[in-house]
1. Restricting to region 59-75, give me the number of residues that are more than 12 Å from Ile46 (Cα to Cα), assigned to a helix (DSSP H, G or I) and open to solvent by 40 Å² or more (accessible area, probe 1.4 Å).
2. Report yes if Ala54 is at pLDDT 95 or above and open to solvent by less than 40 Å² (accessible area, probe 1.4 Å), otherwise no.
3. List the residue pairs whose Cβ atoms are under 9 Å apart, where the first residue sits in region 53-69 and is closer than 11 Å to Arg94 by Cα, the second is aromatic (Phe, Trp, Tyr), and the two are 6 or more positions apart or on different chains.
4. Here is a list: Ala99, Ala86, Ala79. Which entry is open to solvent by less than 50 Å² (accessible area, probe 1.4 Å) and of a type in the set (A, V, I, L, M, F, W, C)?
Amino acid sequence: DLRGSPVCAPAEPTMLRTLRQKNMASYFFGASTSRPLSVGAPAVTIEKRDGGVAVVTLDRPTKLNALDMATFRGVRDAAVTLRDDADVRAVVIRGAGRAFSAGLD
(Lines give C-alpha, C1' and ligand atoms only; values in the text may rest on other atoms or scores of the structure.)
Protein backbone atom coordinates (compact mmCIF):
# COMPACT_ATOMS: atom_id res chain seq x y z
CA ASP A 1 0.00 0.00 0.00
CA LEU A 2 1.53 3.31 -1.13
CA ARG A 3 -0.91 5.62 0.65
CA GLY A 4 0.95 8.04 2.85
CA SER A 5 4.25 7.48 1.07
CA PRO A 6 6.03 10.51 -0.42
CA VAL A 7 5.25 9.20 -3.91
CA CYS A 8 1.48 9.37 -3.42
CA ALA A 9 1.29 12.24 -0.95
CA PRO A 10 -1.07 15.00 -2.07
CA ALA A 11 0.48 18.37 -2.86
CA GLU A 12 0.63 20.75 0.05
CA PRO A 13 -2.03 23.51 -0.21
CA THR A 14 0.70 26.08 0.43
CA MET A 15 2.77 24.75 -2.46
CA LEU A 16 -0.22 24.84 -4.84
CA ARG A 17 -1.01 28.41 -3.79
CA THR A 18 2.63 29.41 -4.37
CA LEU A 19 2.61 27.84 -7.85
CA ARG A 20 -0.55 29.72 -8.76
CA GLN A 21 0.82 32.99 -7.39
CA LYS A 22 3.99 32.68 -9.44
CA ASN A 23 2.01 31.73 -12.57
CA MET A 24 4.24 28.80 -13.35
CA ALA A 25 3.32 28.75 -17.04
CA SER A 26 4.86 32.18 -17.43
CA TYR A 27 7.77 31.20 -15.20
CA PHE A 28 8.67 28.10 -17.24
CA PHE A 29 7.58 29.14 -20.71
CA GLY A 30 7.76 32.92 -20.74
CA ALA A 31 5.11 35.11 -22.32
CA SER A 32 4.97 36.97 -25.58
CA THR A 33 2.40 38.31 -27.99
CA SER A 34 3.33 38.23 -31.67
CA ARG A 35 7.07 37.72 -31.72
CA PRO A 36 8.98 34.42 -31.95
CA LEU A 37 8.42 32.29 -28.89
CA SER A 38 11.81 30.66 -28.38
CA VAL A 39 15.45 31.58 -27.99
CA GLY A 40 17.53 31.45 -31.17
CA ALA A 41 15.68 30.36 -34.28
CA PRO A 42 11.95 30.59 -33.53
CA ALA A 43 10.28 27.22 -33.04
CA VAL A 44 6.73 28.64 -32.93
CA THR A 45 5.31 31.93 -34.18
CA ILE A 46 1.93 33.63 -33.83
CA GLU A 47 0.36 35.71 -36.56
CA LYS A 48 -2.91 37.52 -35.98
CA ARG A 49 -5.09 37.93 -39.07
CA ASP A 50 -8.29 39.82 -39.80
CA GLY A 51 -11.53 38.36 -38.54
CA GLY A 52 -10.22 37.22 -35.17
CA VAL A 53 -8.04 34.41 -36.52
CA ALA A 54 -4.64 33.62 -35.04
CA VAL A 55 -2.25 31.34 -36.93
CA VAL A 56 0.27 29.42 -34.81
CA THR A 57 3.09 28.03 -36.95
CA LEU A 58 5.47 25.24 -35.95
CA ASP A 59 8.58 26.61 -37.63
CA ARG A 60 11.25 23.90 -37.84
CA PRO A 61 10.87 22.85 -41.50
CA THR A 62 14.35 21.29 -41.76
CA LYS A 63 13.36 18.93 -38.92
CA LEU A 64 9.83 18.43 -40.34
CA ASN A 65 8.56 20.43 -37.35
CA ALA A 66 9.50 17.67 -34.93
CA LEU A 67 8.57 18.60 -31.37
CA ASP A 68 11.52 19.37 -29.08
CA MET A 69 11.35 21.20 -25.75
CA ALA A 70 11.58 24.65 -27.37
CA THR A 71 8.64 23.79 -29.62
CA PHE A 72 6.60 22.42 -26.71
CA ARG A 73 7.31 25.62 -24.78
CA GLY A 74 6.37 27.71 -27.80
CA VAL A 75 3.04 25.90 -28.25
CA ARG A 76 2.26 26.28 -24.54
CA ASP A 77 3.24 29.95 -24.64
CA ALA A 78 1.06 30.53 -27.68
CA ALA A 79 -1.89 28.88 -25.92
CA VAL A 80 -1.40 31.00 -22.80
CA THR A 81 -1.03 34.18 -24.88
CA LEU A 82 -4.06 33.54 -27.09
CA ARG A 83 -6.27 32.28 -24.26
CA ASP A 84 -6.47 35.78 -22.80
CA ASP A 85 -6.88 37.64 -26.12
CA ALA A 86 -10.55 38.59 -26.49
CA ASP A 87 -10.01 39.52 -30.16
CA VAL A 88 -9.07 35.95 -31.13
CA ARG A 89 -12.05 33.80 -32.11
CA ALA A 90 -10.24 30.92 -33.82
CA VAL A 91 -6.74 29.45 -33.79
CA VAL A 92 -5.20 27.60 -36.74
CA ILE A 93 -2.14 25.46 -36.02
CA ARG A 94 0.05 24.72 -39.03
CA GLY A 95 3.51 23.42 -39.82
CA ALA A 96 6.02 25.29 -41.96
CA GLY A 97 7.41 23.41 -44.95
CA ARG A 98 6.21 20.04 -46.23
CA ALA A 99 5.02 18.46 -42.95
CA PHE A 100 2.75 19.44 -40.10
CA SER A 101 4.92 17.61 -37.56
CA ALA A 102 7.06 14.49 -37.61
CA GLY A 103 6.36 13.85 -33.92
CA LEU A 104 8.89 13.92 -31.08
CA ASP A 105 12.48 14.98 -31.62
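1. 6
2. yes
3. Within 9 Å, the pairs are Leu58/Phe100; Asn65/Phe100.
4. Ala99
The values are calculated or read from the model by the stated rules, or taken from the named source; none is laboratory data. Everything numeric in this text was worked out from a predicted model, so none of it was measured. Because the Cβ atoms are built from the backbone with ideal geometry, glycine has one as well, and the counts that use them run over all protein chains shown. Ligands, DNA and RNA are stripped out before the accessible areas are found, and what is left, the full protein with its side chains, is counted by its heavy atoms. Shrake-Rupley method; radii C 1.70, N 1.55, O 1.52, S 1.80 Å.
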